[in-house]
Amino acid sequence: MTCSILIKSFPKDFGWLSYCLKSIHKFASGFEEVVVLIPDDSDLPLTQERLVKVHEPPSSGQMHGSGYVWQQLYKMSADKYCNSDFVCHMDSDCVFTKPVTPGDLMVYGKPLWLMTPFVDILPTDKNLPAHFESIKAFSGIPPEFEMMRRHSQVIPKWAYGCFRDYVQERHGMSFEKWALAQPFRGVTEFNFIGQFLHREFPNFIHFHDTRFGVPESFVKQWWSWSGLTPEIRKEIEEILA
């Protein structure tokens, strides 16, 4: 079993990305490769990672709108860029906080996937109703669970192609075309593929309902749109010291 780490980034997040990569070098072991996707009109001097430049429209430098959708589209095409059996997704504004191997992110050889009942958390987050409606519009089924609970999500490489085939069959168009036609907050990629795998391939993922406890986390996430403040830099540098 092999596992890649995949990060989709862009120039405004390169400061965050540097900390993410430092955390990988310090804490991560046993991963086959680290793949970093960036827009083809940017550059980044990397020595230990594999850099892949991908095409995005000029407007995609924005954090939200079409730029954020393109980030999700490339994540759902991870199989085209990674060579391993599994893909571990990280974002630029995430760091590993302790030693981690691919096996730590799995249960009995299956990727661990946390899920929380929507009924328990809808009142707690103003963005969740939009996620609920977008998942229902995507699949035609009201979702029971929210599946974007935390980062370092691991997904089998074969799952991405199955997911894109499902979108083509259900919507009569590619995932790219469908996603780009959606309104703001109309795409929630890990919810989409998580719901799909939970419904169609439940025996290949270890789905864990957080009502029964939350397993140990190896990642801390900030929000890149808030900026790398001196306080955040100090916190990250203490983790990486």
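The values are calculated or read from the model by the stated rules, or taken from the named source; none is laboratory data. Worth saying up front: this structure is predicted, and the values here are computed from it rather than measured. Quick reminder, even Gly has a Cβ in these numbers, built from the backbone with ideal geometry, and neighbours come from all protein chains shown. Note: areas computed on protein heavy atoms with side chains; ligands, DNA, RNA excluded. Shrake-Rupley method; radii C 1.70, N 1.55, O 1.52, S 1.80 Å.
Quick notes
- The single residue among VAL187, VAL214, VAL167 that is of a type in the set (Val, Ile, Thr) and open to solvent by 60 Å² or more (accessible area, probe 1.4 Å) turns out to be VAL214.
- Criterion (within 18 Å of LYS8 (Cβ to Cβ) and either free of Cβ contacts under 8 Å to residues at least 60 places away in the same chain or open to solvent by 90 Å² or more (accessible area, probe 1.4 Å) (or both)) met by exactly one of TRP223, TRP178: TRP223
- Test: residue in segment 155-165 that is in contact with a helix residue (DSSP H, G or I) (Cβ under 6 Å, 6 or more places away or on another chain), modelled with pLDDT of 95 or more and farther than 28 Å from SER84 by Cα: no
- If you go through segment 26-39 and pick out every residue that is open to solvent by 30 Å² or more (accessible area, probe 1.4 Å) and of a type in the set (A, V, I, L, M, F, W, C), you end up with 1.
- For TRP70: the one exception among (1) modelled with pLDDT under 95; (2) surrounded by fewer than 22 Cβ atoms within 10 Å (Cβ to Cβ): (2)
- Checking each residue in segment 126-152 for being in contact with a Gly (Cβ under 7 Å, 6 or more places away or on another chain) and within 26 Å of VAL95 (Cα to Cα) picks out only MET147.
- Test result for VAL100, crowded, with 16+ Cβ neighbours inside 10 Å and within 11 Å of LYS157 (Cβ to Cβ): no
- The listed residue being among the polar types (S, T, N, Q) and either free of Cβ contacts under 8 Å to residues at least 12 places away in the same chain or open to solvent by 20 Å² or more (accessible area, probe 1.4 Å) (or both), out of SER23, SER18, SER42, SER9: SER18
- The condition (being closer than 30 Å to ARG233 by Cα and open to solvent by 50 Å² or more (accessible area, probe 1.4 Å)) is satisfied by just one residue among MET148, MET90: MET148.
- Which numbered condition SER84 fails, given (1) open to solvent by less than 20 Å² (accessible area, probe 1.4 Å); (2) farther than 25 Å from GLU169 by Cβ; (3) in a strand (DSSP E or B): (3)
- Any hit, segment 210-231, residues being touching a Pro at 6+ places or on another chain (Cβ under 8 Å) and under 30 Å from PRO142 (Cα atoms): yes
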